[in-house]
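Just below is one structure, and these are the notes that go with it.
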Amino acid sequence: MCLAVPARVVETDGRRATVEVLGNRRRVDVSLVDAAPGQYVLLHAGIAIAVLDEAEAEETLAAYRAVLGEAPAGHGRAPDRGEGPLEGDR
Amino acid sequence: MTERVTLAHGDGGEATHRLIAEIFYPALANPALLQGGDSAVLDPPGAGRLALTTDSFVVHPIFFPGGDLGRLAVCGTVNDLAVAGARPLWLSAGFIIEEGFPLADLRRLVGSMAAAAAEAGVQIVAGDTKVVGRGQADGCFINTAGVGLVPQGRDLGAHRIRTGQAILVSGPVGEHGVAVLSTRAGLAFETPVVSDAAPLIALAQAVLTAAPGAACMRDPTRGGLATALADLAADSGCDLVVEEAEIPVSPQVEGACDLLGLDPLYLACEGRLLLFCPAEEAEAALAAMRAHPLGRGAHIIGRVGGSGGRAFLRTAIGGTRRLERLTGENLPRIC
Amino acid sequence: MDENTLARPVPEDAPAAAAAWVERIRRKVAESGRTVRLMEFCGTHTMAIARSGLRSLLRGAVELVSGPGCPVCVTADGEIDRMLAYCDVPGAIVATYGDLLRVPGSHSSLARRRAEGTDVRVVYSALDALQLARENPDRPVVFLGVGFETTAPAAALAVKTAREEGLGNFYVHSAHKQTPPAMRALLEAGDLKLDGIICPGHVSTVLGAEAFAFLPAEYGVPGAVAGFEPLDILLAVDHLVDAALGRRSPDLWNGYPRWVRPGGNRRAQVLLNEVFRPCDARWRGLGWLPGSGLCLRDEFAPFDAETRFPAAVPEPPARKGCRCGEVLRGLLTPAECPLFGRACRPEQPVGPCMVSSEGACAAWYRYGPGEEVRA
């Protein structure tokens, strides 16, 4: 709990909005957030519960990648994990 | 003629005769059908084994983006023949229609069947119509049976799946499932996704020509790609491993699934081919698929592992998880 | 069509990044000579972890235990039976999230009642249920409200709107629950040795990450609010592992700041407080937790399904052999339940942990515990 999906606001009257999720559109309630067309909201059970902070998202993207370069290249498994279904490939 | 189907239309008398003459015959016209006998008597076109399949189509809604029940009824049966390596020859079509069903809708369905049959290069040579009382059928049910010819020496099936073979899919998955769901009242979302329902004969033939060592083909329908893989793993006794990053899913299907909490791997396709072929023929098979309009989005998605009988997905981050058959309906979720 | 790159941040080299994080986590844990035990408290995390195969990648280093974070799973049998009683209301439309449809009560389920003739409708939103009430003014529409603080606001909006519009046929059965009391109950029970808690990301968008500050402050247990991409979860795991291994002091870390703001969603909190009040609630596996539920306030009584359609529902018998409660508390892995995979399977579930789309048992069954396969 809980499934929520980022959705782009297409148009809004402050209470309801048309949002788009990768080409799919829906009318949803946005009365609990302040979102302008073009912004992204987090949609759950038909209502928007949050607005995307793009600066934080950029930082998160960078954080995901911060660890790259630390680990030995091409090494993503520990030796004691046992056989995987694709072990035969390696 | 009245605007709606009545019980009289199913009586076998004058009303039935007029229904057939005014709706079925004009759309489906072919010599065998128009002979109007109790059976269609046909000349087998050559040596080989016969493939026979049947399917009933009860999907609702009857009309959905990209198709309708009629198109589905033809494509579904034709595809079952195609994946057996058969050249589809003839179809029969049986209708069970609910009293009150609009005749205009029936005309539309039959027209779709005719168009799909023409696309597939098959003829609908025998048919039947029954009408049941209000509430005893959900609008219209269609059963189709199909006969095809499997050339000598061709033997496709799960029993021929072997370790090391490549697994291919002819295009993005889950499209039919999303298209049908989008029309369901209460979900209220607009999607650009349309059903992928299509006859796969030409594609299948192209693939078999390019990859003569092909072992098995399947058209994943209800339950989606994952269920088809789970079934084939169990039937073949081999472990199947597919790569999440290689399975084609359109962004629009992904978005619709995210919105509703569904998994595209479990949503129905109606115009996709799953292929198992020797690894050395995989590139040729892929090229043949991509050269065909229905196979532009084809990908090599995995390979057959050792013995086991389970299907696995290697996830985008390198983990593994099992693919089981779909249990229950694909329901929209909030959790 | 836009690509949502920031709304769904996934770097191109995500597989490499994930592998690198897994490696970093495993290395730290291996150096410490111990393993780390974390609990996630959100069914959506259960599923994300299972679907991405993360459990298998971390196995042997970090044990990820599922807690009672699936609102369907924690709905007790008696509550399900109570909800099924609305199917007896003449002419009623019973509106439900899809998640509840197949959950078995002691004798039946919504799916079964639908097959037997009740007009059960699956809705995506409480607001869709409200629409059903508008479209069917002569019939009572009962909406089954399950969910945590993420979902309750939608039900609150529906009730408020029904009042504004003067609708006389819309009712909500509120089985909504609050997350922090369940966490407290688990930690108080003390039978789990947890090194950290992965906190629910979407509940936190409503409550704010601060709602979980009590974890380190009162229990010394580090918490990390996590998003739902595999990389989000890995970042949270890494943070918690550091705290568990003494590399940082236990804190409450917000790992989902792109959606979780300081203070959360104030408007949603005000709305929840306006429409709901805390009440005692029954949790499968945890029993009655005081103040852990959300019930409609008295001024909204005209929309309360339980008030409008009272029913005496007998206390259901205990489920023979079902260990869902212990699984929910992280005391048992699904595979350790004797019914798992035998009498209890997704197509014939005994308890909600198996039938719920995010139940620990369903996740375990469908995606495997992260076992390996011989090539």
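When C:Pro181, C:Pro290 are checked against the criterion of being surrounded by fewer than 16 Cβ atoms within 10 Å (Cβ to Cβ), modelled with pLDDT under 95, more than 14 Å from chain A (Cβ to nearest Cβ) and not in a loop (DSSP other than H, G, I, E, B), C:Pro290 stands alone in meeting it.
Here C:Pro316 does not fit the description of being at pLDDT 90 or above and farther than 30 Å from B:Val241 by Cβ. Of the residues in the range C:322-331, at least one is part of a helix (DSSP H, G or I), of a type in the set (Asp, Glu) and farther than 30 Å from C:Ala158 by Cα.
Suppose the filter is surrounded by fewer than 19 Cβ atoms within 10 Å (Cβ to Cβ) and in a helix (DSSP H, G or I); does B:Gly100 pass it? No: the conditions fail for B:Gly100.
Among the residues making up the range B:11-51, a single one is assigned to a strand (DSSP E or B) and loosely packed, with under 13 Cβ neighbours inside 10 Å: B:Leu50. Candidates are the residues of the range B:291-307 that are surrounded by 20 or more Cβ atoms within 10 Å (Cβ to Cβ) and small (Gly, Ala, Ser); the one that is nearest to the chain's Cα centre (by Cα) is B:Gly295. Selection of the range B:56-75 for residues being over 15 Å from B:Cys140 (Cβ atoms) and at pLDDT 95 or above yields only B:Cys75.
Restricting the first residue to the range A:28-44 and requiring it to be free of Cβ contacts under 8 Å to residues at least 60 places away in the same chain and more than 18 Å from C:Val270 (Cβ to Cβ), which pairs with a second residue that is of a type in the set (Phe, Trp, Tyr) and crowded, with 24+ Cβ neighbours inside 10 Å meet a Cβ separation below 7 Å and a spacing of at least six or different chains? Listed pairs, sorted by first residue: A:Leu42/C:Trp259. Within the range C:134-152, residues that are within 12 Å of another protein chain (Cβ to nearest Cβ) have Cβ atoms under 7 Å from residues that are among the basic types (Lys, Arg) in these pairs: C:Phe148/C:Lys177, counting only partners at least 6 apart in sequence or on another chain. The single residue among C:Trp283, C:Trp259, C:Trp253 that is among the hydrophobic types (A, V, I, L, M, F, W, C), surrounded by 23 or more Cβ atoms within 10 Å (Cβ to Cβ) and over 30 Å from C:Ala17 (Cα atoms) turns out to be C:Trp283. Within the range C:270-284, the set of residues being over 22 Å from A:Val5 (Cβ atoms) and either touching a residue at least 24 places away in the same chain (Cβ under 8 Å) or at the interface with another protein chain (Cβ under 9 Å from one of its Cβ atoms) (or both) comprises C:Glu274, C:Val275, C:Phe276, C:Pro278, C:Ala281, C:Arg282, C:Trp283, C:Arg284. Within the range A:48-68, track down each residue that is under 16 Å from the mean Cα position of the chain (by Cα), more than 7 Å from chain C (Cβ to nearest Cβ) and over 30 Å from C:Phe143 (Cβ atoms). Answer for the range A:48-68, where residues must be under 16 Å from the mean Cα position of the chain (by Cα), more than 7 Å from chain C (Cβ to nearest Cβ) and over 30 Å from C:Phe143 (Cβ atoms): A:Ala55, A:Glu59, A:Ala62. Identify the residue in the range B:263-285 that is within 14 Å of chain A (Cβ to nearest Cβ) and closer than 20 Å to B:Gly67 by Cβ and, among all such residues, is surrounded by the fewest Cβ atoms within 10 Å (Cβ to Cβ). The selected residue is B:Pro264.
Counted as qualifying within the range B:218-298 are the helices (runs of 4 or more DSSP H) with 1 or more residues that are closer than 30 Å to C:Val123 by Cα, namely B:224-236, B:251-260. Summed over the range C:309-322, the residues that are touching a helix residue (DSSP H, G or I) at 6+ places or on another chain (Cβ under 8 Å) and either charged (D, E, K, R) or over 15 Å from C:Arg282 (Cβ atoms) (or both) give a count of 4. Would you please name the residue that is nearest to B:Gly318 (Cα to Cα), looking only at residues in the range C:22-49 that are surrounded by fewer than 19 Cβ atoms within 10 Å (Cβ to Cβ) and within 11 Å of another protein chain (Cβ to nearest Cβ)? Residue satisfying both the conditions and the ranking: C:Arg24.
Residue by residue, here is whether (1) under 24 Å from C:Gly78 (Cβ atoms); (2) at pLDDT below 95; (3) assigned to a strand (DSSP E or B) holds:
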residue: C:Pro153; (1), (2), (3): no, no, no
residue: C:Val159; (1), (2), (3): yes, no, no
residue: C:Arg163; (1), (2), (3): no, no, no
residue: C:Ala185; (1), (2), (3): yes, yes, no
residue: C:Leu192; (1), (2), (3): no, yes, no
residue: C:Glu210; (1), (2), (3): no, no, no
residue: C:Ala217; (1), (2), (3): no, no, no
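Residues in the range C:189-196 include none that are buried (at least 24 other Cβ atoms within 10 Å of the Cβ), in contact (Cβ under 8 Å) with a residue 12 or more places away in the chain and under 24 Å from A:Ala45 (Cβ atoms). Just need a number here: residues in the range A:10-47 that are small (Gly, Ala, Ser) and facing another protein chain (nearest Cβ under 9 Å). Number of matching residues: 4. Only one of the numbered conditions (1) farther than 24 Å from B:Glu244 by Cβ; (2) part of a loop (DSSP other than H, G, I, E, B) is not met by B:His159, and that is (2). C:Ala19 meets all of the listed conditions (1) within 11 Å of chain B (Cβ to nearest Cβ); (2) surrounded by fewer than 24 Cβ atoms within 10 Å (Cβ to Cβ); (3) out of contact with any Gly (no Cβ under 8 Å at 6 or more places or on another chain) but one, namely (3).
Those helices (runs of 4 or more DSSP H) of the range C:50-125 in which 2 or more residues are in contact (Cβ under 8 Å) with a residue 40 or more places away in the chain, more than 9 Å from chain B (Cβ to nearest Cβ) and surrounded by 21 or more Cβ atoms within 10 Å (Cβ to Cβ) occupy C:77-84. Look at the range C:20-49: where a residue is assigned to a loop (DSSP other than H, G, I, E, B) and a partner is of a type in the set (A, V, I, L, M) and surrounded by fewer than 24 Cβ atoms within 10 Å (Cβ to Cβ), sitting 6+ places away or on another chain with Cβ atoms under 7 Å, you get C:Thr35/C:Val29; C:Thr35/C:Ala61. Condition test on B:Ala288, is it in the same structural domain as B:Val207 (by TED's automatic domain parsing), modelled with pLDDT of 95 or more and either among the small types (Gly, Ala, Ser) or buried (at least 23 other Cβ atoms within 10 Å of the Cβ) (or both)? Taking the combined requirement at face value, the residue satisfies it.
For B:Ile124, the test of being within 22 Å of B:Glu14 (Cβ to Cβ) and in a strand (DSSP E or B) is failed.
The set of residues in the range B:54-86 that are farther than 22 Å from B:Leu103 by Cβ and surrounded by 21 or more Cβ atoms within 10 Å (Cβ to Cβ) comprises B:Cys75, B:Gly76, B:Thr77, B:Val78, B:Asn79, B:Asp80, B:Leu81, B:Ala82, B:Val83, B:Ala84, B:Gly85, B:Ala86.
The values are calculated or read from the model by the stated rules, or taken from the named source; none is laboratory data. Keep in mind it's a predicted model, so treat the numbers as computed, not measured. Note: ideal-geometry Cβ built from the backbone for every residue, glycine included; neighbour counts use all protein chains shown.
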